[in-house]
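In what follows, a structure is listed as structure tokens, so that the remarks can point back to it.
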Amino acid sequence: MTVARPPLFTRDFFLVAGIVFLAQVSAAAFFHFHEHLVGLGLDERSAGFVIGVFSLSVLVLRPLVSPFLTAANARRFAAGAAVATAAALALYGSFAGVAGLTLLRVVHGAAYTVLLTAVTARFVAGIPEGRSAEAFGWMSVLLLVPYALVPPLFVPLERAAGGFAPALALLGAATLASLPLAAFLRPAAATGPARGRITWAELREDLRSAPVLLGLLLSLVVWAAYGAVFAFLNGVGLAAGIPSPGLFLTVSTAAEASVRVAGGRFLDRVDKRRGLAVALLVLAGGFAGLPHVGGTAPFLVLAVLLGLAWGVAMPLLSGYIFDVSPPHLRPLNTNLGMAVFQAGFFVGPALGGPLIDLGGYRALFLGCALVSLAGAAAAVSSTARAGAGRSPLGET
């Protein structure tokens, strides 16, 4: 007798998806923020700092606020953060100096952080058992879609609105559509594991959990290497004589999205650590091959290969952290995983620059390959030890 699978695509799923989509639309609109800042008279160093401080604020704040944002209070904080995000977007036309823009970017980053952290907590509380990888696969696709849609659509919006800042203000007004979506979410008590604020004792115990730490470590490995590729790919492609290196990201992102949509159910049926080990081995091979590409065709073949591996890794990482976490700690640990994702985009470029100075792009991608191999070894070791019932990582 076949047991019916618990539903994933509920009303709450689509309401949360709508809030996430609106938040990402407003973030994706900053793809040519650099040109706006230069037009205001900022030099390159100041413009880079103003652009980067948003991500820095997200990186710092998300781990700090995650213990306090739960499924029980998510609706209230998401609504407040949506209003704050809309206000921040409306104020970009009021500042032209570095100090004012920096403060605005920090406030905007804080509002964006609270909004996504609260909504993630609410989303995780509604994931049915046995469908974690599928749920995170769909959510990750939703996070990608605005970055494909907004850049080409924002240019005509900017012309119609009369400039970059007025167009941002219009997107800010659109962000307020999150308010009715949050209001229609069911009370947290109706979604299952939605307890109140996490205690310090629970937090300390959680941060000592070896399975959770393994998931966060593997997340850092995957996303630091991804961040390095993202930051330095253009130079690799140009050095190899590739006329349009940006096609790599287009092709790899399409491969990521495809495997997440098509493979979600399958990924929930495999041992997630073994799956991560395979994905990391594929990533290691792809990284090792990147410095040796000699034309557009092999370059794009590697884009497909790495995109498929990244597409598998993300839902497996989030699903693994979900599965090894106690129900009331799943929102926290998922948000910590997202914070590690953000950290990867800092760690990868920060360590990649010195590696390039030491040995060029070969040294950079050899480093990415070796780190990925080490991550695969950790995942395999954890699986083998767990199977023997005596894992040094504390897994059984």
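Within region 112-123, can one find any residue that is open to solvent by 40 Å² or more (accessible area, probe 1.4 Å), touching a Ser or Thr at 6+ places or on another chain (Cβ under 7 Å) and at pLDDT 90 or above? No; the residues of region 112-123 include none that is open to solvent by 40 Å² or more (accessible area, probe 1.4 Å), touching a Ser or Thr at 6+ places or on another chain (Cβ under 7 Å) and at pLDDT 90 or above. Hey, any hits in region 15-33 for a residue that's of a type in the set (A, V, I, L, M), closer than 18 Å to ALA182 by Cβ and open to solvent by 40 Å² or more (accessible area, probe 1.4 Å)? No.
Residues of region 213-236 being open to solvent by less than 30 Å² (accessible area, probe 1.4 Å) and modelled with pLDDT under 80, which ones? Within region 213-236, LEU233, GLY235, VAL236 qualify. Going through (1) within 20 Å of ALA343 (Cβ to Cβ); (2) open to solvent by 20 Å² or more (accessible area, probe 1.4 Å); (3) touching a helix residue (DSSP H, G or I) at 6+ places or on another chain (Cβ under 6 Å); (4) of a type outside the set (Lys, Arg) one by one, LEU179 falls short only on (1).
Just to be sure, is PRO166 open to solvent by 60 Å² or more (accessible area, probe 1.4 Å), at pLDDT 90 or above and not hydrophobic (A, V, I, L, M, F, W, C)?
Numbers: open to solvent by 60 Å² or more (accessible area, probe 1.4 Å): no; at pLDDT 90 or above: yes; not hydrophobic (A, V, I, L, M, F, W, C): yes.
Against the criterion (open to solvent by 60 Å² or more (accessible area, probe 1.4 Å), at pLDDT 90 or above and not hydrophobic (A, V, I, L, M, F, W, C)), PRO166 does not qualify.
Taking the residues in region 265-321 that are of a type in the set (A, V, I, L, M, F, W, C) and assigned to a loop (DSSP other than H, G, I, E, B) as candidates, determine which candidate is surrounded by the fewest Cβ atoms within 10 Å (Cβ to Cβ). Steps first, answer last, please.
Narrowing region 265-321 to residues of a type in the set (A, V, I, L, M, F, W, C): 266-267, 270, 276-284, 287-288, 290, 293, 297, 299-306, 308-310, 312-314, 316-317, 321.
Within this subset, residues satisfying the condition of being assigned to a loop (DSSP other than H, G, I, E, B) are 270, 293.
On the way: VAL270: 16, VAL293: 21.
Top of the filtered list is VAL270.
Of all the residues in region 186-212, those that are at pLDDT 85 or above, buried (at least 17 other Cβ atoms within 10 Å of the Cβ) and among the hydrophobic types (A, V, I, L, M, F, W, C) number 1.
Of all residues in region 68-90 being surrounded by 20 or more Cβ atoms within 10 Å (Cβ to Cβ) and of a type outside the set (Gly, Ala, Ser), which is farthest from ALA169 (Cα to Cα)? Ranking the candidates gives THR70 first.
Would a scan of region 125-136 turn up a residue that is within 27 Å of PHE266 (Cβ to Cβ) and of a type in the set (Asp, Glu)? Yes, some residue in region 125-136 is within 27 Å of PHE266 (Cβ to Cβ) and of a type in the set (Asp, Glu). When the criteria are applied in full, VAL324 fails the requirement of being modelled with pLDDT of 85 or more, within 20 Å of GLU256 (Cβ to Cβ), open to solvent by 10 Å² or more (accessible area, probe 1.4 Å) and within 22 Å of the chain's Cα centre (by Cα). Remark: pairs (first residue in region 127-152, open to solvent by less than 40 Å² (accessible area, probe 1.4 Å); second residue among the charged types (D, E, K, R) and assigned to a loop (DSSP other than H, G, I, E, B); Cβ separation under 8 Å; 6+ apart in sequence or on different chains) = PRO128/ARG5; ARG131/ARG5; ARG131/ASP268; SER132/ASP268; ALA133/ASP268; GLU134/ASP268.
The values are calculated or read from the model by the stated rules, or taken from the named source; none is laboratory data. The model shown is predicted, which means the values in this text are computed figures rather than measured ones. Positions of Cβ are generated from backbone atoms using ideal geometry, with glycine treated the same way; all protein chains shown enter the neighbour counts. Accessible surface is based on the protein model in full, side chains and every heavy atom, while ligands, DNA and RNA are left aside. Shrake-Rupley method; radii C 1.70, N 1.55, O 1.52, S 1.80 Å.
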